[in-house]
């Protein structure tokens, strides 16, 4: 797979730089993409705490923004971006839930284009493969993301912007977990303490 597509192809220094910078550089991206990237970084401690807390309840975690099909699609795409290898993948740390939790905190002007982008992905898969993203073969899914990740992609801007958004949110969601920090980046705890304040929401303090 294209190294631009897979954050597992991004070296640790690049991942560290993206996580510890004040912002995420997204060349020629739409304003809503930048806003979601910033929100994901800001909300990371709270989002992970919310997911963990909900999982311990009788009803378990439930999506607030995405329907079942959309959540499944986000999960598939995030796992393609950070697949499980000798270390856990995106789905092992519930990046799909992380993205939904961030979207729930986003303004409509930021959230709606992401949801529209999901629909665009299914429509594009329909044109190319006569099916939606979730039902496409792994090879077809990879081909679609490779098309979107190309430096001079010929795909429509809504699709390219969506890919930039989900890739950035996947990186943030994964590398702000203990697994991402310790097992992938080799952090000893200094990075996490220096870069990400703990969740300060009352319901997660105890």
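Work out, step by step, the length gained on full extension between residue 128 and residue 85: first 0.36 nm times the residue separation, then minus their alpha carbon distance; give nm to one decimal. Intermediate values should be presented prior to the final figure.
Values: separation 43, 0.36 × 43 = 15.48 nm, distance 2.83 nm.
Length gained, residue 128 through residue 85: 12.6 nm.
For the pair residue 38 and residue 92, label points projected 7 Å from Cα toward Cβ lie 3.4 nm apart. For residue 67 and residue 152, a Förster radius of 30 Å and the Cβ-Cβ distance give a FRET efficiency of 0.35, rounded to the nearest 0.05. Label zone (residue 31, point 7 Å along Cα-to-C-beta; backbone nitrogen cut-off 12 Å) within segment 132-162: none. Shown here: segment 32-170, whose C-alpha atoms stretch 42, 33, 27 Å along the first, second and third principal axes, sorted largest to smallest.
Readers should treat all values here as calculations from the given coordinates under stated rules, not as data from a laboratory. These numbers come from a predicted model, not from an experiment. All Cβ positions, even for glycine, are placed from backbone atoms using ideal geometry, and neighbour counts span all protein chains on display.
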